[in-house]
């Protein structure tokens with residue numbers, strides 16, 4: 001088994017169909033097949049053997065797919081890296097993964113070259129001469145044989161606590177997750193055009209974007225940087241049928257002043273993941289764009305898809321749906337015991353999607369998967385129909401004077417205020433109560449409202465201990481490379497409400 005087998009099959013069936021597109025640059029399946037075979041030869045010529053790690057530090061460009069499948073064809077392990085990483089971070093990733101080769105984009109080449117030098121790795125810069133470099137390599141035949149349990153990709157977690165850890169995802173993990181997502185959940189076919197604005201170095205963009213497209217022979221149209229107006233133009237130009245995004249992308253598109261001038265009639269389904277989608281945003285987007293959003297849930301350690309609102313079943317706004325085929329989920333207490341129906345506990349996951357383990361971290365693996373069930377760190381409840389509802393990340397829980405306050409609940413109320421564009425609720429240290437509830441809010445252009453107005457609005461809708469005692473306005477919320485709000489970078493301004 002090799003995940004790259006999907007490319008060979010699609011290239012045989014649909015050689016002239018577009019596989020990957022970036023504006024006017026289009027790679028057909030035959031071209032992607034040939035170039036990735038040459039990339040495999042280049043990688044092998046660099047001394048890489050099956051099982052060795054090769055890093056990819058590229059933005060959303062067609063070359064990412066070429067190198068990604070080249071690494072897999074060579075039997076090596078892909079280590080995707082954020083192109084925004086600095087020299088020190090690059091050195092850490094390469095050293096930790098023991099990667100001997102890194103492919104870097106031009107813009108991030110200085111950091112990649114310096115980081116590679118510190119880690120004793122070879123850096124290959126993917127620039128104009130890269131095509132000539134590939135052309136000089138005869139295509140490597142076929143793909144290297146790997147077992148289902150062999151590692152295909154090492155995805156590094158964001159490292160919100162301590163150093164980033166590498167989640168080892170196997171060929172079986174990824175192949176099964178792609179198969180279920182593409183066939184069961186979204187029913188993607190060769191005529192579909194998938195929006196490729198999610199970072200390809202991230203599990204969501206890789207599995208649900210690149211690998212799903214290649215599995216069925218669809219086209220992935222890439223956008224290296226998410227700008228709402230540009231994205232809407234791409235959706236129209238390429239007649240995109242499947243949009244995949246994180247909540248902040250839906251907020252941005254919904255807030256685009258010129259959105260009504262774009263014809264998005266080709267869109268048939270939207271997929272949301274990466275963070276909880278506020279119900280008010282879902283309703284507003286579906287009304288404005290006339291396209292249903294299916295919300296799912298997963299983590300890097302689960303390949304990533306674990307649950308989904310299945311298109312052929314009831315959909316519950318605010319829910320992450322039910323476990324996908326081949327996956328089981330439970331809600332457990334700190335001892336791993338199931339909590340009563342409707343009670344809040346931690347999501348535990350078991351199935352074909354759960355990682356092999358954390359790279360060279362047996363203790364961390366044992367802590368995350370103590371009994372065959374992966375502990376997600378996400379708090380949720382299950383209703384009587386088996387639908388899961390995320391309450392919050394366990395680490396984001398605010399404990400105010402002994403009372404639990406779940407930020408997502410307050411954020412849902414904030415998004416219902418007509419002047420609020422974005423909101424994030426965080427815990428603010430408090431000497432008397434331990435933590436106080438704070439809210440960072442982005443106001444819609446042209447709206448006139450005070451922090452006290454926002455505070456009073458929430459106060460009228462939630463219990464007295466829950467409403468934010470501190471509200472402050474920001475021009476924008478800090479976001480990570482996938483568009484997820486970075487709560488660890490949100491801090492209450494001193495002396496302001």
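Worth pointing out:
- Here residue 34 passes the criteria (1) modelled with pLDDT under 95; (2) assigned to a helix (DSSP H, G or I) except the one numbered (1).
- Across region 424-436, the number of residues qualifying as without any contact (Cβ under 8 Å) to a residue 40 or more places away in the chain and in a strand (DSSP E or B) comes to 6.
- Region 339-363, residues that are outside any loop (DSSP other than H, G, I, E, B) and under 22 Å from the mean Cα position of the chain (by Cα): 346, 347, 348, 349, 350, 351, 357, 358
- Residue in region 182-198 that is part of a loop (DSSP other than H, G, I, E, B), within 15 Å of the chain's Cα centre (by Cα) and under 30 Å from residue 234 (Cβ atoms) present: yes
- Considering (1) modelled with pLDDT of 95 or more; (2) in contact with a strand residue (DSSP E or B) (Cβ under 9 Å, 6 or more places away or on another chain), the lone condition that residue 216 does not fulfil carries the number (2).
- Of 153, 143, 178, all but one fail to be buried (at least 18 other Cβ atoms within 10 Å of the Cβ), more than 15 Å from the chain's Cα centre (by Cα) and at pLDDT 95 or above; the exception is 143.
- Test result for residue 198, in contact with a strand residue (DSSP E or B) (Cβ under 8 Å, 6 or more places away or on another chain), within 15 Å of residue 60 (Cβ to Cβ) and buried (at least 19 other Cβ atoms within 10 Å of the Cβ): yes
- Matching residues in region 286-323 - criterion: being within 20 Å of the chain's Cα centre (by Cα) and in a helix (DSSP H, G or I): 300, 301, 302
- Filtered by the rule that a residue be out of contact with any strand residue (DSSP E or B) (no Cβ under 9 Å at 6 or more places or on another chain) and not in a strand (DSSP E or B), region 367-411 gives 370, 384.
- Exactly one residue out of 298, 273 is at pLDDT 95 or above, closer than 21 Å to residue 487 by Cα, buried (at least 22 other Cβ atoms within 10 Å of the Cβ) and in contact with a strand residue (DSSP E or B) (Cβ under 9 Å, 6 or more places away or on another chain): that is 298.
- Scanning region 393-405 for residues that are in contact (Cβ under 8 Å) with a residue 60 or more places away in the chain and under 24 Å from the mean Cα position of the chain (by Cα) yields a total of 2.
- The residue list 125, 67, 90 contains one member that is assigned to a strand (DSSP E or B) and within 26 Å of the chain's Cα centre (by Cα), which is 125.
- Test: residue 82 is part of a loop (DSSP other than H, G, I, E, B), in contact with a strand residue (DSSP E or B) (Cβ under 7 Å, 6 or more places away or on another chain) and assigned by TED's automatic domain parsing to the domain that holds residue 98: no
- Hey, residue 420 at pLDDT below 95, in the same structural domain as residue 477 (by TED's automatic domain parsing) and touching a helix residue (DSSP H, G or I) at 6+ places or on another chain (Cβ under 6 Å) or not: no
- Residue count for region 462-495, restricted to those that are at positive phi and part of a helix (DSSP H, G or I): 0
- Residue within region 381-391 that is touching a helix residue (DSSP H, G or I) at 6+ places or on another chain (Cβ under 8 Å), crowded, with 19+ Cβ neighbours inside 10 Å, within 24 Å of residue 284 (Cα to Cα) and touching a residue at least 24 places away in the same chain (Cβ under 8 Å) present: yes
- The condition of being at pLDDT 95 or above, closer than 29 Å to residue 444 by Cα and in a loop (DSSP other than H, G, I, E, B) holds for only one of 253, 267, that being 267.
- Hey, residue 235 crowded, with 23+ Cβ neighbours inside 10 Å and under 22 Å from residue 79 (Cα atoms) or not: no
The values are calculated or read from the model by the stated rules, or taken from the named source; none is laboratory data. Keep in mind that this is a model prediction, so the values were computed, not measured. All Cβ positions, glycine included, derive from the backbone under ideal geometry; neighbour counts span all protein chains shown.
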